[in-house]
Each structure stands twice: as C-alpha cells, then as structure tokens.
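Student: Take this structure, written in structure tokens, and hold onto it; I'll ask about it next.
Just so it is clear, none of the values below were taken in a lab; they were calculated from the coordinates. This structure is a prediction, so every number in the text was calculated from the model and none was measured. Every residue, glycine as well, gets a Cβ built from its backbone with ideal geometry; the counts of neighbours run over all protein chains shown.
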Amino acid sequence: MAQKKKKFGISLRVELIEKYNEKRDTISQEWINFLQKLAITPILIPNTLDDVKSYILDIGIDGIILSGGDNIGKFPERDKTEKQILDYAIDKKFPVLGVCRGMQIINEYFGGKVLANDNNNHVGKSHQIHIMDQKFSKLLGHNNIEVNSFHNNIIAKKTVGEKLQIFALSPDDNTIEGYYHSEFPIIGVMWHPERGIVSKHQTKLMEIFENKSLW
C-alpha cells in the first residue's frame, strides 16, 4: 500500500488589484512546486474565513506554513488569520513553519519585535548563515549554510520573542535567521526554502519541521 501523502496548509498573502478595486489572496507558484517535489499536498488557507480553527480541523492537515510577503499591519485580515492559526497550533501542539514574514509574525505573537533594517544587505542577496544551536546543526548536518535573502525587516537578539531559541545567525550583522520554540513544534526562518533549486538543507529543514525532531 502506498504511503499516504502529507497535507500542509499554507497561509496566503493579500494583493490589492487596483484595476478592479478588489483584494485577492495569493501564493507564489514556487510554494506549490516545492511542496509537490517533496510529495506534500498543498492546502490553501484563505484570509476571510469565519472560523479558521474549524477550517483547519475539517481539512485534516499535518502542518502549516506561514508564508512570506506583506508587512505586518498592512492587511489586518491576514494578521488576524495567522494569529488564529497560531492559537490553534499552540492549543493542539501542531507543527508550524514561519517563512520570512511568517517568522516575523511568530516573533510578535510571542512578545518580540521586528525592526526595519537600515540598509539593503538582506534584499536579493544570498549569504552564509551560522547554525549556532548544536541540536539543530546535528539534525541539519551543517554548521554553516548559504541561504537566499529577500527581507528588509530584521529580528535582533534583543527583540526575539519569549521561549524562541535562536539556531541561526547572519555573521555579517548578527541578526537572527532562524529560531524554534522551546515547547511547541514551531520553527521560523528568514530565508525562503521554496525558492531556487531544492537543496539538501532545504529538504532537511522540511523533515525537521514535519517530524517535530526538536521536541
């Protein structure tokens, strides 16, 4: 018998289409392609649901990805939806992976702050990161990896949320590139694993997330 494919929910960014004066929930095709390569079925989570928790329960997913795009506060409906997702995840100890903006909203959820960068050294530039957490580096199989970078908001050590354990730093400016929660199966990364050619460390990151290896 074939192994049942896992299903991951993905939060959606909001785009305002001025030509039609309407808002649309969207997702990069890169996410769909990336998850399919990993034999994962992507399930989209809209931003205007009346009951987010019931929707998650009804679709029977195995984990949730909080995707990138949009600054926090720009579209309140997305902020509300993702906070409700985190409420559900914490209550059920459900795995969540926050990517870029997703990592930022997790940080704020746990009482941290996001800062605006004063330069563009993280915008469209790949760079090395240092895996500083021994448990995570053992699971990942590396102490240093190269990642893409498309963010102009940063998280500093002094602004990280409660019980978020830092596992990766940018050696260039000492900003946080990755963390995980000490109690719940929640991981945040500032880079985009779905972009570019799928590498060994991208696949390994998803395995750590899927299998809740850190908890």
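Student: Once the piece of chain linking Thr26 and His130 is laid out straight, how much longer is it, given 0.36 nm per residue of separation minus the C-alpha distance between them?
Tutor: Net length gain for the segment: 34.2 nm.
Student: Would you mind classifying region 27-78 by shape? Square roots of the alpha carbon gyration tensor eigenvalues, ordered a ≥ b ≥ c; an a/c under 1.5 is rounded, otherwise it is prolate if a/b is larger than b/c and oblate if not.
Tutor: Here region 27-78 falls in the oblate category.
Student: Over region 28-168, what is the relative contact order in percent, taking alpha-carbon pairs closer than 8 angstrom and at least six residues apart?
Tutor: About 21 percent, as a whole number.
Student: Just in region 109-195: which GluC sites (Glu not before Pro) are loop by DSSP and have at most 16 other Cβ atoms within 10 Å?
Tutor: Within region 109-195, the qualifying GluC sites (Glu not before Pro) (loop, at most 16 other Cβ atoms within 10 Å) are Glu162, Glu183.
Student: Which GluC sites (Glu not before Pro) from region 1-44 combine a DSSP loop assignment with at most 11 other Cβ atoms within 10 Å?
Tutor: Glu18
Student: Which of the chymotrypsin sites (Phe, Trp or Tyr not before Pro) found in region 1-106 are in a DSSP loop and have at most 10 neighbouring Cβ atoms, other than their own, within 10 Å?
Tutor: Tyr20
Student: Which is farthest toward the positive dipole end of region 6-211 among Val52, Leu164, Asn211, measuring Cα position about the Cα centre, with Cβ charges +1 (Lys, Arg) and -1 (Asp, Glu)?
Tutor: Ranked along the dipole, the leading option is Asn211.
Student: With only Lys, Arg, Asp and Glu charged, each at its Cβ (+1 for the first two, -1 for the last two), find how big the charge dipole of the chain is about the Cα centre; round to the nearest 20 debye.
Tutor: It works out to roughly 520 debye.
Student: Also, quick follow-up: Using a 10 angstrom Cβ neighbour count of at most 10 plus a DSSP loop assignment to flag exposed trypsin sites (Lys or Arg not before Pro), which longest range of the chain is free of such sites?
Tutor: Answer from the scan: 20-215.
Student: Return the whole-Å distance between the Cα centroid of region 154-213 and the Cα centroid of region 1-57.
Tutor: Using only Cα atoms to place each centre, the spacing works out to 21 Å.
Student: Calculate the translational D of the chain in whole µm² s⁻¹ from Stokes-Einstein, where the hydrodynamic radius comes from the Kirkwood formula applied to all Cα pairs, the temperature is 20 °C and the viscosity 1.002 mPa s.
Tutor: 123
Student: Further question on the same structure: Considering only Cα-Cα distances, which of the following residue pairs are longer than 21 Å: Lys37/Lys204; Lys113/Lys157; Lys53/Lys83; Lys6/Lys37; Lys6/Lys80?
Tutor: Where the Cα-Cα span goes over 21 Å, the pairs concerned are Lys6/Lys80.
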